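S.K.: Supplied in C-alpha cells, the structure appears directly below.
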Amino acid sequence: MVEIAISLAIIAFALVAIIGVLPLGLDVQKENRQETIINQDAGYFMDAIRNGARGLDDLTNYVFAITNSVQAYETTLTTTNPKGSPVIYGYSYFESRRDGALTVPQFPLNHGSNIVGILGTPKLIADGPDFFHSNYVVAYVRRSATGWSRRLTRFRPSTRVLHTAKTSRQI
C-alpha cells in the first residue's frame with residue numbers, strides 16, 4: 001500500500017511540473033510563428049524592392065501607412081553635423097503629408113508601384129560635396145489570412161504561411 005501511495009505522489013508531482021511548463025512552451029511556439037511570418041513578409045518586400053516589381057497593386061491591401069524621416073547633414077573634414085530638424089513624410093492610401101501639412105502633388109499609397117518606390121528610397125542621398133540627407137523609412141503592414149497567403153504562394157509555390165491577424169512594423 002505504501003508503494004502505491006508513493007508512486008501516485010511521484011506521478012502527481014510530475015504532472016504538476018508538466019502542466020506548469022506547458023504555457024511557456026505554447027508562448028515560445030506563438031513567438032516563433034510570429035517571427036516566421038514577419039520574416040516571410042520582409043523577404044517578400046525585399047524581393048519587390050530589389051527587382052523593382054510592378055503589378056503588385058494588392059500591396060495596397062496590406063500596407064496602410066509609410067513614414068519617412070529625412071534628416072539633412074553637413075560634413076566637414078572631421079565632423080558630420082545635422083542641419084536643421086528632421087522632416088517627417090507620412091503616406092496613407094488617401095493622402096501624403098510633410099510635417100503634418102498636405103503635400104502638393106499628392107503621393108498616396110493607392111498603387112503598388114508607389115509603395116515599392118517609397119520603400120526603395122536610398123538610406124543616404126548626396127546633395128553636393130559637403131551635404132547629404134538620410135532617410136529612415138518605416139512601413140506599417142497588415143497581414144491577411146487569405147490574401148497574403150495567396151500572393152506569396154503565387155510567386156513562391158514552396159512557401160508555406162502561418163496565419164495571424166496582427167499588425168507588424170517593417171523597418
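S.K.: Looking only at segment 55-68, count how many residues are touching a Ser or Thr at 6+ places or on another chain (Cβ under 6 Å) and either farther than 10 Å from Tyr91 by Cβ or not in a strand (DSSP E or B) (or both).
M.R.: Final tally of qualifying residues: 0.
S.K.: Only one of Asp41, Asp47 is assigned to a helix (DSSP H, G or I), modelled with pLDDT under 80 and under 28 Å from Leu124 (Cα atoms); which?
M.R.: Of the residues listed, the single one that is assigned to a helix (DSSP H, G or I), modelled with pLDDT under 80 and under 28 Å from Leu124 (Cα atoms) is Asp41.
Per-residue answers, yes or no, for (1) surrounded by 12 or more Cβ atoms within 10 Å (Cβ to Cβ); (2) under 27 Å from Met46 (Cα atoms); (3) of a type in the set (S, T, N, Q); (4) under 22 Å from the mean Cα position of the chain (by Cα):
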{"position": "Phe64", "(1), (2), (3), (4)": "yes, yes, no, yes"}
{"position": "Ser96", "(1), (2), (3), (4)": "yes, yes, yes, yes"}
{"position": "Asp99", "(1), (2), (3), (4)": "no, no, no, no"}
{"position": "Leu102", "(1), (2), (3), (4)": "no, no, no, no"}
{"position": "Leu109", "(1), (2), (3), (4)": "yes, yes, no, yes"}
{"position": "Val116", "(1), (2), (3), (4)": "yes, yes, no, yes"}
{"position": "Thr121", "(1), (2), (3), (4)": "yes, yes, yes, yes"}
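S.K.: Moving on to the next point. Can you name the residue in segment 34-62 that is of a type in the set (Gly, Ala, Ser) and in contact (Cβ under 8 Å) with a residue 12 or more places away in the chain and is also surrounded by the fewest Cβ atoms within 10 Å (Cβ to Cβ) among such residues?
M.R.: Within segment 34-62, the match that is surrounded by the fewest Cβ atoms within 10 Å (Cβ to Cβ) is Gly55.
S.K.: Restricted to segment 117-147, and to residues that are among the small types (Gly, Ala, Ser) and under 21 Å from Thr80 (Cα atoms), which residue is modelled with the highest pLDDT?
M.R.: Ser134
S.K.: In addition: Look through segment 63-81, keep the residues that are in contact with a Phe, Trp or Tyr (Cβ under 6 Å, 6 or more places away or on another chain) and without any contact (Cβ under 8 Å) to a residue 60 or more places away in the chain, and return whichever of them is farthest from Pro129 (Cα to Cα).
M.R.: Among those residues, the one meeting the criterion is Thr80.
S.K.: Follow-up. Quick check on segment 46-69. Is at least one of its residues touching a Pro at 6+ places or on another chain (Cβ under 6 Å) and not charged (D, E, K, R)?
M.R.: Yes.
S.K.: Of everything in segment 81-94 that's assigned to a loop (DSSP other than H, G, I, E, B) and not small (Gly, Ala, Ser), which residue is surrounded by the fewest Cβ atoms within 10 Å (Cβ to Cβ)?
M.R.: If we take residues in segment 81-94 being assigned to a loop (DSSP other than H, G, I, E, B) and not small (Gly, Ala, Ser), then Phe94 is surrounded by the fewest Cβ atoms within 10 Å (Cβ to Cβ).
The values are calculated or read from the model by the stated rules, or taken from the named source; none is laboratory data. Everything numeric in this text was worked out from a predicted model, so none of it was measured. Virtual Cβ from ideal backbone geometry, glycine too; neighbours counted across all protein chains shown.
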